[in-house]
Structure formats: structure tokens, C-alpha cells
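Notes for the one structure printed next.
The values are calculated or read from the model by the stated rules, or taken from the named source; none is laboratory data. The model shown is predicted, which means the values in this text are computed figures rather than measured ones. No Cβ is skipped: glycine too gets one built from the backbone with ideal geometry, and neighbour counts run over all protein chains shown.
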Ligand SMILES: O=C(O)CCC(=O)C(=O)O
Ligand SMILES: [Fe+2]
């Protein structure tokens, strides 16, 4: 049986106050329409972006197939000048290519030194900065990064979560986003921050039977729409057309909760990583027991965790 499906609510011209006081605290995805994003929605054509963004080298994901899979790594990393990337991502068939004439591209822009710096399009693409306004839905000191997201038509991006709150601004093109609540993590076959279930529209239920229990949230984004993706919500993104997006990540928790070495916004908060390490030590200790006893005490530990750490406030 297919799991439940919900449409992500769409709201028109939400004010800063309405978002921050009433919508944000609910921590559910929302599509915001009619937000003032500046001139980017009309200005950012392929020609304009390739001229203005120009020669800056960007690292891109290139795949022979439309479904990009981070777990099996069915893509390669290559470098192109930003202008070339935009032109190639906008065309279906390529005269110049790395793998094949219908290869797909995905850009997730990075900081100057990706190991140390976070992406901020205001720094890496200063000539484009004036064209886009980020919604002022959080305090300046909570800002983490702003990231270009440019994809070929048809591209599907793996299911994953990020640890920051996120406004995904669809500047041009159409995409479909499928989301799952963090509360349904047990049905998503996780490998780190990614889910093994990439083909969310036609999942292999023989391999992933529990996936049918996951409640699915879905929305379609068109140029000018902004999707609020709360931290920890899983998302899988299907670009129905060539599209340019920018997302803004910001900190929901106090700064000191986050891993200082995280430049992508996807390293778990330090308390969660420390707890996971301690659990690994507990599991090694349990392994000292024979199977029958290990199983019994492991079940008791699961019950203890459920009793002590699961929230009683969620459905
Ligand atoms: O729209 C995209 O290309 C991916 C968006 C995404 O994963 C994000 O904003 O965190
Ligand atoms: Fe993401």
C-alpha cells in the first residue's frame, strides 16, 4: 500500500512578521509565493548569467543518467567556467561533453576554499549579488551560507537532509520536490545524511518495503517560488526544466551547537555526533555478551531510548 501523500501548503505574500512569529515555529515545509526576490527572476537568463557569472571556475557533478545517486556515486566531478556550465546545463544535447552527449549537470556552488569556506554567492558572484534579495526571515547573525543550485532538465537529486534551516529560492525553471518528515527516518533506509531510496516516485518496494510507510509531502516550484525546508526534513528534487535556484541556509540552534568544520550545512550537530560515538561504544560493550543476552539487552536499550529521548509532542 502506498504511503500517505500531502501537498505542501502554498501561501501568498507572507510578511516577515507572519513567517517568523507564526509559520517558522511550526517547523513544517511551506511554499511561499509572491516574495520580493529582486530582479533575478526576470534578469537571470542563460545569456546574462553566462556573461556576468563568466569565467569563474566551478566544480560540477556530471552524470550519464538523470538520477544522481550520492551513495553509489554514479557521477563524476568536473570543472567548467560558470558561463559554460550554465550554457551546457540549459541544453539537452551537448556538442562538447565529458561522458556523453546527453549527460546531466548539477552545480552546488562552494566557498573559495571548500574545506574552510562556506558558499556565499554574494562573495563568489559579486556581480550577481545586486539582482537577488534574500527574504529577511531570520536574523543576520543566523546566516550560514547561500548556494547556487543549477541543474539540467530531468535531473533528480538524491534524497537527503541538511542540518540548517533552508529557503530554497527557485529563480528560473520548474522543479518538483518530494519531502519526508524527520519523524519518518526509520522508513527511509539511511546512509549518513542520505536515503538509499532515490527513485521516490517508483521505489523498489521489494528492497525497501518500509518505504511505503513514509508520509510523502510534495510541491511543485515555479520561477519566483520559495520553499522553506526546515532542518532535518528529507528532500528529493526533480528538475522538470533547466533551472537556476539559490538556497539560503541559516542556523536555527545557537551557533555553538554546530560542527565548526561544516562548510556544507550537513554535518550533524556536535551533541548528536558525540551521542552516536557513545552509542558505538555501548554496542561494542554489548558484543561481549552471547547472542541471546545481547539481543535481550539491546531491546531493553531501545525501549529506554524510546522512553527517554523520543518526543511525546509529535504525531
Ligand atoms: O534544488 C536543488 O537543486 C537542491 C536543493 C537542496 O538540496 C537544498 O537546497 O538543500
Ligand atoms: Fe539539501
### Query
Would you pick out the residues in the range 118-127 that are touching a helix residue (DSSP H, G or I) at 6+ places or on another chain (Cβ under 8 Å) and in a loop (DSSP other than H, G, I, E, B)?
125
### Query
Within the range 268-279, is there a residue that is within 16 Å of ligand 1 (Cβ to nearest atom) and modelled with pLDDT of 95 or more?
yes
### Query
When residues of the range 243-257 are filtered for being more than 10 Å from ligand 1 (Cβ to nearest atom) and in contact with a helix residue (DSSP H, G or I) (Cβ under 7 Å, 6 or more places away or on another chain), how many remain?
3
### Task
Scan the range 196-204 and give yes if some residue there is assigned to a helix (DSSP H, G or I) and farther than 24 Å from residue 243 by Cβ, otherwise no.
no
### Query
When the range 244-262 is examined, which residues are found to be within 16 Å of ligand 2 (Cβ to nearest atom) and either modelled with pLDDT under 95 or loosely packed, with under 15 Cβ neighbours inside 10 Å (or both)?
262
## Note on the structure
Going through the range 162-182 in order, the residues found to be within 24 Å of residue 25 (Cα to Cα) and away from ligand 2 (no atom under 12 Å from the Cβ) are 169, 170, 178, 180, 181, 182
### Query
Just one of 223, 214, 185 is closer than 21 Å to residue 26 by Cα and in contact with a strand residue (DSSP E or B) (Cβ under 6 Å, 6 or more places away or on another chain); which is it?
214
### Task
Check the range 41-53 and report whether any residue there is more than 30 Å from residue 253 (Cα to Cα), at pLDDT below 95 and surrounded by 20 or more Cβ atoms within 10 Å (Cβ to Cβ).
yes
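Let's see how each residue does on (1) away from ligand 2 (no atom under 16 Å from the Cβ); (2) surrounded by fewer than 18 Cβ atoms within 10 Å (Cβ to Cβ); (3) in contact (Cβ under 8 Å) with a residue 24 or more places away in the chain:
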site: 70; (1), (2), (3): no, no, yes
site: 85; (1), (2), (3): yes, no, yes
site: 99; (1), (2), (3): yes, yes, yes
site: 118; (1), (2), (3): no, no, yes
site: 135; (1), (2), (3): yes, yes, yes
### Task
Would you point out which residue out of 130, 111 is away from ligand 1 (no atom under 14 Å from the Cβ), in contact (Cβ under 8 Å) with a residue 60 or more places away in the chain and out of contact with any helix residue (DSSP H, G or I) (no Cβ under 9 Å at 6 or more places or on another chain)?
130
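Conditions tested, residue by residue: (1) touching a helix residue (DSSP H, G or I) at 6+ places or on another chain (Cβ under 8 Å); (2) away from ligand 2 (no atom under 15 Å from the Cβ).
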site: 214; (1), (2): yes, yes
site: 224; (1), (2): yes, yes
site: 241; (1), (2): no, yes
site: 265; (1), (2): no, no
site: 272; (1), (2): no, yes
site: 294; (1), (2): yes, yes
### Selection count, the range 1-24, where residues are at pLDDT 95 or above, more than 30 Å from residue 130 (Cα to Cα) and surrounded by fewer than 13 Cβ atoms within 10 Å (Cβ to Cβ)
1
### Query
Say we look at the range 138-161 and pick out the residues that are surrounded by 22 or more Cβ atoms within 10 Å (Cβ to Cβ) and not in a strand (DSSP E or B); which of these is farthest from ligand 2 (Cβ to nearest atom)?
152
